[in-house]
Structures are given as structure tokens and as C-alpha cells.
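Laboratory data are not the source of any read-out in this text; all were calculated from the coordinates shown. What you see is a predicted model, and the numbers here were worked out from it, not measured in a lab. Please note: Cβ atoms are built from the backbone with ideal geometry, for glycine as well, and neighbour counts cover all protein chains shown.
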Protein chains: 2
Amino acid sequence: MQKIIHYISIIEAALKGINQKKEPAKLYEPISYTLSLGGKRIRPALLLLANNLFGGKDEDAIDSALAIEVFHNFTLVHDDIMDDAPLRRGKPSVYSKWDTNVAILSGDVMLMQGIQFIAKKNHPHLHEVLGLFNTTAIAVCEGQQMDMDFETSSTVSIDDYLKMIALKTAVLLAASLKIGAILANSSIADAKHIYEFGKNLGIAFQLMDDVLDLYGDPTKVGKRVGGDVIANKKTYLLLKAQELATGKTQQDLDFCLTSKVIEDHKKVERVTAIFNTLKIKALAEEEMNLFYHAAISHLDSIDAPADKKQVFEDFAKSLMQREN
Amino acid sequence: MQKIIHYISIIEAALKGINQKKEPAKLYEPISYTLSLGGKRIRPALLLLANNLFGGKDEDAIDSALAIEVFHNFTLVHDDIMDDAPLRRGKPSVYSKWDTNVAILSGDVMLMQGIQFIAKKNHPHLHEVLGLFNTTAIAVCEGQQMDMDFETSSTVSIDDYLKMIALKTAVLLAASLKIGAILANSSIADAKHIYEFGKNLGIAFQLMDDVLDLYGDPTKVGKRVGGDVIANKKTYLLLKAQELATGKTQQDLDFCLTSKVIEDHKKVERVTAIFNTLKIKALAEEEMNLFYHAAISHLDSIDAPADKKQVFEDFAKSLMQREN
């Protein structure tokens, strides 16, 4: 993990080194603000790590790593408008600190700056990397639209849900790793394997998130336990429960989802009891483990020294053992 | 002009040939809708025309031409949210037909699709064209932010205004022409000249717009005469008048701009009288002619057969003689 922390510090330093123009202030201040809010910087760090795995040089991959991070932050700025989220990392989101117009336009510029970082230098892999970046960027938007569509849909299947989280979160992690590999001249097969490692791990990570929301240790999760349940959020847990519930259990679940009078803590309690009856936690963990093992299997298939691959496995394990 | 009409028809056919994905429908339907609303398609047609001027092939430039048109339409989708504009080309704008979230996200995807068209094929000019496209895209956003900032600023100078219209409208026309030239392997000098031709012409065009708003033939302008005056829009005419007005004229102008009770037609009448006293129309036309002649001078400097350049001059003249 030391190596990932090392790369995170490289990313942090590079982000601090980006000089935004001064004018128009309402366009560029929100960009500096957003990039200074922090975040785990996992995607760009993994891009550099994948680049290193295949013998690439950090300096040849740093621009693409910044592109990924700036793009990711663009999605947060626009998503916060769409999701009515006034806070981001404990600070006001751009639209609530300034206004919606500022958040739209400065977000647009961040997206373009992401492309600028990808295309900063000319190199033999530019066309390929750019193609992957664009396809991924559009996929992320599709995931966001599906997520919004789910809010008002009553026919969301588990497959729809898995597709949504793949698009909304997993493909960006996958593409980060693959771009690192491409820039290091990896084989096509290895680039595919590291992509699938990232994609499967990203899906497992999101499923873990769903489980932790309800079953995490409240002192460690850092947010209210059962927030997803209270909001009727269509997580894996709820969708699986709706798939399996019959008779009295189904009626009880429907009541919890539609009642206007049930208190939040009662709702969490009753829904948890239903989930426990249906063994939803174990099923979600089983699904998560399927994706986790698929990820590890792709990692194993990569033609690189085992000791250099160990950091990816350690990282994947740490994600699965996290408590928040 | 036949040649431009020919290229416009090529663009229309190519736009119709773009197949948007079906799902998520709320992401892709607004894109098809926007691209089907029409528009003059002048920018992409001029890109192909510039490409042709320097001996390029249409098929090598069509993707970039589509990129420009898709990008331009992206700006309209997001601008309509920011400007609270419920109509676009006489039809509901995307945010008013669907909602703001749909307009934000489908606009984002259009921006990315623009980049995809630029980067569709790999070619020796990809890095250069992409760089110009990105710089231009960001400049257009800067222009839009300046335009919005002007609404609440009381210290807008003529120079600020000229910079804003250059960024918001002229550089995209300029970049379209230059991309066409680059793709046809023009000399660096010629690429610069055609860029400056487009930029100066774009500024002249926008100044003409300001004049026509108040002095155009109401039966031909197609919108209410003096709409800019009624809205206190900081056009060249108003900014020049504020620069020149003194004493009683200044007081009178201030009254018209700040009065809550003056009727619209009275306001237009009185402001027009002030403008006439200050000879604002002639001054605006003089400024416009400066940009127009700068454009023609750059066109003259291009190393290409005069008969092939004639269509650009005819086009520029037609813009200056238009009545709407």
C-alpha cells in the first residue's frame, strides 16, 4: 500500500501545480475550489500504478492521471446539481456555493480540461487513449442517467442495477488502469485483463457500499446507518429483497416503502428484519465475492511478476475488508 | 454561394446519418431532438469549404465538421438553461421540453460526442486539431461566462464587449475554418489568415446583429425591434452611448435604463433618439467595417487562387448586406 500512497502524493502535488486562469473568476474559481476539496485520488493513483506495473514512466502517464481526476471531479460538480446535493466532502457543493449556472459552465470547462490533459502531448497512443477516455466518459453519463431513471421506475431488475453501477462507477476505475497499461506499451491481452480487474473490483466495491450502509458499524461508516433504506434507494439489497419477498413479507416490505407515517428508525428496523429473513446480506456478499474473485482472476492472468502484482491484490483486499 | 449551399446539404445529410443509441432514452432523445431542430450549419459548411480551398478531400474533413456542429449544439442546450430560454428555433428548448437535469447530462454527452467526432480517425493532424478544438471550446465557455457577468456589471467597456463576442461567437467560426485548412495541409501562414478572416468576420457579424436589433426592418428582422433596448442588454450600441453621453443626454439615458414605469415602446423611442443624437449607428457601422475589412485583408493574404477565394468574399459580403 506504500506504493499507492506514494502515487497519491504525486497526484496531490500535480493537482496543486495546476494553475487555473484568473478570469472570468466565476468560471475558474469553482474549478480550483473543487479540485482542492480533496478526495481519495484512487483512480489516478491506480493509473500510475498500472503504468508502473508494465514498466512505464510516471512522467509519461501523469497527464492522463490528471485527466481522470479532473474528469471525475467534473462529474461530481454536475451530479451535485442533478442530485440536489448541497454538500460535497463536507463543504458546499459548487451549485450551492455559487449557483446552478456557475456549476454547469465551470463543470463544462472541467470536462474540456480533462480532454486537454489527455491530449497534452502527442504520442503514438493518443488516438487509442482518447477513444477509451471518450467512450468511458459517455458510459459514466449513461450510468448517471440510469441512476436517475431508477428513482421513478418500479421495474428495476438486479441486472439493470449491476449495469448501472458498472457504468456509473466501475468503468472509470477500469479505464484508468487500462490507460496506464496502454501508455506503458502493455500487451493487448494484459490491457484487457487490468481493465476487467478494475471493472469487477469497482462493482464489488459498490455492492460493499450497499451492504455497509445498513450493516456497517455506525461508529465507522461515518454516516447514518440505513440512509439508503430511509430514502427507498434502489440498492442491491432492496432489489434482491423485492425479487425474493412473497406473501406477508412482500406486503410488509411494500408497507415500509410506501408508508408516509412510519418513523425512520422503525422503518430501518423493519426493513432490516425483512432483509434478515430473506438472508439478503449473505446474498449480497455472495454476489460481491463473485465480482471480487473475477477481478483477482483477471489480475492473476496478467503477464507480470507476482511481486509487482501483489500491491493490486493487497489493494483489492483492503477494499473488501474496509469498514466504511 | 452555390458551393456553400452544397456543403450545407452534405452536413444535413451527415447529421441525419448519426445514429444515437436508444437507451437511456432521456439521454439520447434530447440529442437527436436538438440536432434535428435545424440551424444554418454555417460553421461546418465553412470548415468543408476551407478544406476544399486548400485542396483537401471532403471525406477527410466531414467528421471534424460534424464535431463543430455537435459542439455548437451542445452550447445551445446548456446556454438555454443558463439564459432561461424556453424556445430554440421556435421549438421548446431541451430543458423546457424535458427538465434541467436532462439538459445538463445530454449536453455533457453532446460535448463528448463532439470530441469523439474530432478523434474518430487517427491522422497526423489529430493532436493539432484536437488542441485547437479544446482551446476554442474553453474560449466559448469563457465568452458565455463574460456575457452572464455583464448582466450585473456596471463597468463593461467596449473592449470587454468586443472580447466577449470574440470568445462567445467569433472564435468558433475561426477555428472551424482553420481546422478545415489544417486537415488540407495548408501552410501555417494560410491557416492563421483563414482563422483571422473568420474571427474578424464573426465580430463584424455580431456588431451587425446589434445594429439590426434596433435599426433593422421590422418586417425582415423577424423579432421585435429594440428587444435589446427593452432588456437593457449591453450591446455595442448601448455601451458606446454610455461612453459618449454627457449632461442631459446621460441623465436621459440613465432614466430610460432604470425607470420601472416607462413603457417599452416609449423606451425604445427615447433610447433611439439618444442614439441618433450621438450618431451611434454610424459609429457601430464604422467599427463593424473595421473588422470586416480586416477579415477581407486576411482573405487577400491567403496564398490560393482568387477564383477559389471568391466564395469566401461573397459570403462575407452577404453577411454584411443581410437585413435579418
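Could you work out the longest stretch of chain A that avoids the GluC sites (Glu not before Pro) located in DSSP loops with at most 12 other Cβ atoms within 10 Å? In chain A, the maximal stretch lacking such sites is A:1-262.
Rounded to the nearest whole angstrom, the semi-axes of the ellipsoid equivalent to the protein assembly as shown, taken from the Cα gyration tensor as √(5λ), stand at 50, 31, 22, largest first. The same position B:D264 in the other copies lies at 4.8 nm from this copy, comparing label points 7 Å beyond Cα toward the beta-carbon, shortest first. Dipole magnitude for the protein assembly as shown: about 220 debye, using +1 per Lys or Arg Cβ and -1 per Asp or Glu Cβ, origin at the Cα centre.
Would you mind checking the pairs B:K220/B:K279; A:K21/B:K279; A:K260/B:K22 and listing those with alpha carbons more than 31 angstrom apart?
Numbers: B:K220/B:K279 23 Å; A:K21/B:K279 38 Å; A:K260/B:K22 36 Å.
A:K21/B:K279; A:K260/B:K22, as the Cα separations exceed 31 Å there.
Summarise the partner chain shielding of B:144-157 as one whole number: the mean count of Cβ atoms from other chains within 10 Å of each residue's Cβ. List each step's numbers first, then the result.
Values: counts 6, 11, 4, 1, 6, 5, 0, 0, 0, 0, 0, 0, 0, 0.
Per residue, the average neighbour count from other chains is 2.
Sorting the segments B:105-112, A:293-300 by their mean number of nearby beta carbons within 10 angstrom, highest to lowest, gives B:105-112, A:293-300. Distances, shortest first, from the label point of B:K16 to those at the same position in the other copies read 5.8 nm; the point lies 7 Å along Cα to C-beta. Across chain B, the mean sequence separation of Cα contacts (distance under 8 Å, 6 or more residues apart), normalised by length, yields a relative contact order of 18 percent. Just to confirm my numbers, what's the Cα centroid distance between the stretch A:38-64 and the stretch A:170-211 in Å? Going from one Cα centre to the other spans 13 Å. For A:P218, the point set 7 Å out from Cα toward Cβ sits 7.0 nm from its twins in the other copies, listed from shortest up.
Specify whether the C-alpha gyration tensor of chain B places it in the rounded, prolate or oblate class, a ≥ b ≥ c being the square roots of the eigenvalues: rounded for a/c under 1.5, otherwise prolate if a/b is larger than b/c and oblate if not. It is oblate, given that a/c is not under 1.5 and a/b is not larger than b/c.
Using a Cα-Cα cut-off of under 24 Å, which lysines could be cross-linked to A:K26, ignoring same-chain neighbours fewer than 8 residues away? Here the lysines satisfying the reach criterion relative to A:K26 are A:K16, A:K91, A:K97, B:K163, B:K168, B:K233, B:K234. The residues neighbouring B:E69, those whose beta-carbon lies less than 13 Å from its own, together hold a net charge of +2 under the Lys/Arg +1, Asp/Glu -1 convention. A dipole drawn for the stretch B:187-324 from +1 and -1 charges on Cβ atoms has a positive end, and of B:T277, B:L257, B:L239 the residue lying farthest that way is B:L257. Out of B:N122, B:N289, B:N200, any idea which swings most in a Gaussian network model of chain B, alpha carbons joined below 10 Å? Among B:N122, B:N289, B:N200, the largest GNM mean-square fluctuation belongs to B:N122. Residues whose amide H falls under 5 Å from that of B:R88, counting only those 5 or more places apart or on a different chain, are B:S93, with hydrogens built in the peptide plane. By definition, a body whose alpha carbon gyration tensor gives a ≥ b ≥ c is oblate when a/c is 1.5 or more and a/b is not larger than b/c, and the stretch B:1-186 fits this oblate description.
Largest GNM mean-square fluctuation among A:F255, A:F312, A:F275, using chain A with Cα springs under 10 Å: A:F255.
Could you pull out the trypsin sites (Lys or Arg not before Pro) across the stretch A:1-69 that fall in loop regions by DSSP (anything but H, G, I, E, B) with no more than 10 other Cβ atoms inside 10 Å?
Working: sites: A:K3, A:K16, A:K21, A:K22, A:K26, A:K40, A:R41, A:K57; in loops: A:K21, A:K22, A:K40, A:R41, A:K57.
Qualifying residues, ordered by number: A:K22, A:K40.
Within the stretch B:113-172, which trypsin sites (Lys or Arg not before Pro) sit in a loop by DSSP and count at most 16 neighbouring Cβ atoms inside 10 Å?
For trypsin sites (Lys or Arg not before Pro) across the stretch B:113-172 that sit outside H, G, I, E and B with at most 16 neighbouring Cβ atoms in 10 Å, the list reads B:K121.
Inter-chain neighbour count for B:121-128: the average number of beta-carbon atoms from partner chains within 10 Å of each residue's beta-carbon is 3.
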